[in-house]
There are 2 protein chains.
Amino acid sequence: MVNAPTVPVSFSLKTPEGDERDRRVCDTCGFIDYVNPRIVAGVVAYSGDRILLCRRAIEPRKGYWTLPAGFMEQGESVEEGARREAREEAMAEVEFETLLAVYSIPRISQVQLMYRARLINQPSPGPESSEVLLAGWDEIPWLDLAFPSVKWALEAFRETKGRTGFAPYGNPPGTEALTR
Amino acid sequence: MVNAPTVPVSFSLKTPEGDERDRRVCDTCGFIDYVNPRIVAGVVAYSGDRILLCRRAIEPRKGYWTLPAGFMEQGESVEEGARREAREEAMAEVEFETLLAVYSIPRISQVQLMYRARLINQPSPGPESSEVLLAGWDEIPWLDLAFPSVKWALEAFRETKGRTGFAPYGNPPGTEALTR
């Protein structure tokens, strides 16, 4: 292990050779900090007519309701990421049915892949959730959803319930202002 | 701009508070280098019975044939990334038809989203390609494809040609050894 330097690390914006964009390049060692969009993997998990929602115990949007979803980690598949998030946020075990939606949120450089999955145990709050809820359609706290894409995924779920063999939904028309 | 430090930057593996995994943490400033899987966006672009392939002019797999595809950049949607890659690698303009496949390659922490698209101009090699080819099915250089997922996407394309409204393909069964 190299000893810790005792000066601040500094990066400058430069366009590396052969590249077309400015990247953050370390002024000391030339390390190029390529930053790419991050993948959020999640599930609309249901049991009968009820859908699993989690109340966020952490920022952003603490106190608001969301679907189990989070950033994919290195070394896992998208489905494994979604399964891990269901466990971490709602102690939920799920069986995947289909890829429900692929949302692009360029404003925050996220791509969200949401699966429909059957819930096969009794969920309970994980460390990032203060509550979990198995909500019938009319019991969903629509005014207290954490993110626009939670609503989109719930609506995609309702429109495709029981079906497989469909193309995943994308960003709904007219939502550009929320994503750019 | 902070002046450049003149010592090497050093990172240590540590588990940040509230996290469950080791991350690279800067010994100087505490910067946490979260690394997440990267998204590759690409197209199987076709014109009539021919499919657009590019011969790689850069490593890895220089000299081998691939589909236009590459890492998504910040601030773009998945489709925009795939469109940009088609332009950069093959000067190709495309019309998207459907999401053909979502491949997870945990070994290299990639998720690949491949679209089927109609080619609407005459392609030519961009800076990262030495040649482009509009190949009939039997003219595809099967033994000289750059990556396993190129073959998977070509096969998914052939199985779904002319169809829309299907669930995107995933990693083919039996390919674990190539992705883990």
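Brief remarks follow.
- Residues of the range A:164-180 satisfying the condition of being part of a loop (DSSP other than H, G, I, E, B), more than 7 Å from every other protein chain (Cβ to nearest Cβ) and touching a helix residue (DSSP H, G or I) at 6+ places or on another chain (Cβ under 9 Å): A:Gly170, A:Asn171, A:Pro172, A:Thr175, A:Arg180
- Residue match in the range A:112-135 (condition: open to solvent by less than 10 Å² (accessible area, probe 1.4 Å) and β-branched (Val, Ile, Thr)): no
- Options A:Glu80, A:Glu93; residue that is modelled with pLDDT of 95 or more, surrounded by fewer than 24 Cβ atoms within 10 Å (Cβ to Cβ) and away from every other protein chain (no Cβ under 14 Å): A:Glu93
- Consider the range A:23-53 and keep the residues that are aliphatic (A, V, I, L, M), within 23 Å of A:Glu73 (Cα to Cα) and in contact with a helix residue (DSSP H, G or I) (Cβ under 9 Å, 6 or more places away or on another chain). The one that is nearest to the other protein chains (Cβ to nearest Cβ) is A:Ile39.
- Among residues of the range A:13-22, those that are of a type outside the set (Ser, Thr, Tyr), more than 9 Å from chain B (Cβ to nearest Cβ) and not in a strand (DSSP E or B), counted: 4
- Selection count where residues are within 15 Å of A:Asp49 (Cα to Cα) and buried (at least 18 other Cβ atoms within 10 Å of the Cβ), scope the range A:141-180: 4
- Of residues in the range A:60-75 being modelled with pLDDT of 95 or more and more than 14 Å from the chain's Cα centre (by Cα), the one least open to solvent (accessible area, probe 1.4 Å): A:Gly63
- Within the range A:127-169, the set of residues being β-branched (Val, Ile, Thr) and modelled with pLDDT under 95 comprises A:Thr164 only.
The values are calculated or read from the model by the stated rules, or taken from the named source; none is laboratory data. Not measured: the values here are computed from a predicted model. Note that we place each Cβ from the backbone using ideal geometry, even for glycine, and neighbour counts take in every protein chain shown. Ligands, DNA and RNA are stripped out before the accessible areas are found, and what is left, the full protein with its side chains, is counted by its heavy atoms. Shrake-Rupley method; radii C 1.70, N 1.55, O 1.52, S 1.80 Å.
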